[in-house]
Amino acid sequence: MFGLFWLAVLGTGFYLVRRRMSAAGAAAAAASDPMAKAQALLAERFARGEIDEDEYLMRQSTLRNGG
């Protein structure tokens, strides 16, 4: 029973470390690529509710089509 507890603790720790590494990698990629940074910013604005779905899709299409 005690071993199961430590297994759960280690599993949770592993999950959190992997999740942080994934987020850090995405942030680094967005910082080096202006297009990725623009798309990430657009997604954040949509997630916060600053823009609606129609505006999000329109701006995403504009970014993909280059203008």
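Each reported figure results from applying straightforward, stated rules to the coordinates on display, with no laboratory input. What you are looking at is a predicted structure, and each value in this text was computed from that prediction instead of being measured. Here Cβ is always computed from backbone atoms with ideal geometry, including for glycine, and neighbour counts include all displayed protein chains.
For Tyr56, what charge total do you get from the other residues with a beta carbon under 15 Å from its beta carbon, if Lys and Arg give +1 and Asp and Glu give -1? So the surrounding residues net to -2.
Using the Karplus relation 6.51 cos²θ - 1.76 cosθ + 1.60 with θ = phi - 60°, the per-residue 3J(HN,Hα) values for segment 8-21 come to 5, 5, 5, x, 5, x, 4, 4, 5, 5, 4, 5, 5, 5 Hz, with x marking Gly and Pro. Note the angle between two axes, namely the Cα long axis of helix 34-48 and the longest principal axis of the Cα atoms of the chain, as a number of degrees from 0 to 90, rounded to the nearest 10. Tilt of helix 34-48: around 80 degrees. Under Stokes-Einstein, with the Kirkwood radius over Cα pairs as Rh, the value for the chain at 4 °C and 1.567 mPa s is 89 µm²/s. With the simple spin-label model, which puts each label point 7 Å out from Cα in the Cβ direction, the Leu57 to Arg20 separation comes to 3.9 nm.
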